[in-house]
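Engineer: Attaching a single structure in structure tokens format; questions to follow.
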Amino acid sequence: MTDGFRAVYGAAPGGVWAAPGRVNLIGEHTDYNDGLVMPLALPHTCRVEAARRDDGVLRLHSADAPGGVTELSVDGLAPQGAMGGDRGGWAAYPAGVAWALRAAGHRVGGADLHFESSVPTGAGLSSSAALEVATALALSDLYGLDIPAARLAELCRRAENDFVGVPCGVMDQMASACCTSGHALYLDTRDLSSRQVPFDLAAQGLRLLVVDTRVKHALGDGAYAERRAGCEAGAAALGVGSLREVPYGELPAALERIGDEALRPLVRHVVTENERVERTIGLLDAGETHAIGPVLTEGHASLRDDFGVSCAELDLVVEASNASGALGARMTGGGFGGSAIVLVRAGDADSVSKAVGEAFAEAGHREPRVFEAVPGPGARRVTDA
Ligand code: GAF
């Protein structure tokens with residue numbers, strides 16, 4: 001299956017690589033606060049067919065985007081204005097990865113790349129991270145580099161922060177690079193230490209549904225940066241380097257010490273969310289997966305009421321799911337639209353999906369897209385050609 005590359009570039013690729021999107025089970029808006037997260041990889045991937053070039057030219061083409069081939073010189077890649085001043089749309093992500101690899105001292109030259117992605121875009125399922133990680137792995141292999149997966153993820157985050165200009169944390173890139181089949185990734189973003197946590201829901205008579213609300217609020221981009229700045233201001237007010245350093249048991253006293261009342265709920269969310277991740281891992285380790293449901297729902301309430309990143313559609317998924325027998329539900333990812341996850345007993349999956357669909361119809365919302373999340377593998381080389 002290398003027809004796409006051949007049709008664009010007229011030759012066979014040197015290899016094919018794939019990197020997945022993700023859902024985050026718990027630990028939201030904690031990754032830029034040195035906190036805890038627990039994502040799992042979706043079966044949906046960004047697939048890239050690629051070949052090395054020796055003339056320093058980087059050619060980028062996507063089956064999913066109009067606009068033909070973007071052609072760049074790797075020597076000319078620079079964070080500001082490198083993509084024509086408008087950040088270059090989707091092509092800024094892979095170009096940024098080539099830039100980040102080179103900025104870190106890796107000898108990466110030109111390449112032809114053709115992308116095809118099954119990760120829904122704008123759905124909060126990390127289609128950008130999948131694009132970045134697929135690119136990083138392809139370039140790293142084509143140039144014979146031996147870069148550990150977590151380091152590749154960091155470089156992809158750097159590409160997104162410094163080249164594309166999106167102030168994200170490292171969770172999505174780590175999920176795409178490091179997740180494994182049948183597991184959730186328990187990740188400490190403070191030092192990138194991680195553990196693969198078995199997450200075989202079918203064996204426990206459970207299912208995890210993803211409900212893509214198909215809404216993306218324009219507010220999202222600036223508001224993410226604002227939340228991040230608010231967390232940093234909260235940490236500064238407390239005299240700590242990051243909110244991770246605020247112990248859960250000392251939260252009430254810490255909140256009283258923050259003069260700016262608007263910052264208090266942000267701090268409360270981050271500190272309580274880290275505690276929810278710890279509670280979730282405790283339950284998973286004890287084999288009590290069904291009991292994480294209420295923790296997910298609590299996390300949603302915190303994102304809605306304290307962090308202010310939910311929206312009517314996401315709240316409705318959670319409300320309608322729980323009212324129709326789900327064990328728990330929450331928005332997943334950055335918020336302001338995108339997707340929610342719903343934990344259900346296997347036998348209730350259809351009735352809960354139906355109830356969510358009906359609630360959406362009644363509220364006049366667009367029909368949501370529902371699918372099951374079964375933890376898939378992280379980024380990998382698919383084939384040599
Ligand atoms: C987005 C960001 F890209 C992540 O880094 C993370 O902050 C997430 O929102 C919220 O948990 O997906």
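Engineer: I'd like to verify a number: residues in the range 179-227 that are under 20 Å from A326 (Cβ atoms) and acidic (D, E), how many?
Structural biologist: Going through the range 179-227 one residue at a time, the tally reaches 2.
Engineer: Among the numbered criteria (1) out of contact with any Phe, Trp or Tyr (no Cβ under 8 Å at 6 or more places or on another chain); (2) closer than 13 Å to L113 by Cβ, which one does R52 miss?
Structural biologist: (1)
Engineer: Restricting to the range 138-177, and then to whatever is under 26 Å from R53 (Cα atoms) and not in a helix (DSSP H, G or I), can you tell me which residue is farthest from the ligand (Cβ to nearest atom)?
Structural biologist: For the range 138-177, the residue satisfying everything is G144.
Engineer: Would you tally the residues in the range 113-137 being in a strand (DSSP E or B) and either surrounded by 24 or more Cβ atoms within 10 Å (Cβ to Cβ) or of a type in the set (S, T, N, Q) (or both)?
Structural biologist: First, the residues of the range 113-137 that are in a strand (DSSP E or B): 113-117.
Next, only the ones that are either surrounded by 24 or more Cβ atoms within 10 Å (Cβ to Cβ) or of a type in the set (S, T, N, Q) (or both) stay: 113-115, 117.
Residues that pass the stated criteria total 4.
Engineer: Limited to the range 227-243, what total is found for residues that are closer than 14 Å to D260 by Cβ and away from the ligand (no atom under 16 Å from the Cβ)?
Structural biologist: 4
Engineer: D306 - would you say it is within 16 Å of the ligand (Cβ to nearest atom) and under 24 Å from V267 (Cβ atoms)?
Structural biologist: Details: within 16 Å of the ligand (Cβ to nearest atom): yes; under 24 Å from V267 (Cβ atoms): yes.
It is true that D306 is within 16 Å of the ligand (Cβ to nearest atom) and under 24 Å from V267 (Cβ atoms).
Engineer: Tell me which residues, restricted to the range 122-137, are on the phi < 0 side of the Ramachandran plot, within 13 Å of the ligand (Cβ to nearest atom) and not hydrophobic (A, V, I, L, M, F, W, C).
Structural biologist: Within the range 122-137, S127, S128, E132 qualify.
Engineer: Which condition number in (1) surrounded by 15 or more Cβ atoms within 10 Å (Cβ to Cβ); (2) in contact with a strand residue (DSSP E or B) (Cβ under 6 Å, 6 or more places away or on another chain); (3) on the phi < 0 side of the Ramachandran plot is the one that D315 fails?
Structural biologist: Tallying (1) surrounded by 15 or more Cβ atoms within 10 Å (Cβ to Cβ); (2) in contact with a strand residue (DSSP E or B) (Cβ under 6 Å, 6 or more places away or on another chain); (3) on the phi < 0 side of the Ramachandran plot, D315 fails exactly one: (2).
Engineer: Given the structure, is E256 within 24 Å of the chain's Cα centre (by Cα) and either more than 20 Å from R330 (Cβ to Cβ) or surrounded by fewer than 20 Cβ atoms within 10 Å (Cβ to Cβ) (or both)? Full working, then the answer.
Structural biologist: Numbers: within 24 Å of the chain's Cα centre (by Cα): no; either more than 20 Å from R330 (Cβ to Cβ) or surrounded by fewer than 20 Cβ atoms within 10 Å (Cβ to Cβ) (or both): yes.
No, not satisfied.
Engineer: On to the next question. Residues in the range 356-382 that are of a type in the set (A, V, I, L, M, F, W, C) and surrounded by fewer than 18 Cβ atoms within 10 Å (Cβ to Cβ): how many?
Structural biologist: Residues flagged as of a type in the set (A, V, I, L, M, F, W, C) and surrounded by fewer than 18 Cβ atoms within 10 Å (Cβ to Cβ) within the range 356-382 amount to 5.
Readers should treat all values here as calculations from the given coordinates under stated rules, not as data from a laboratory. Remember, it's a predicted structure, so these values are computed and weren't measured experimentally. Ideal geometry is used to build each Cβ from the backbone, glycine not excepted, and the neighbour counts take in all protein chains shown.
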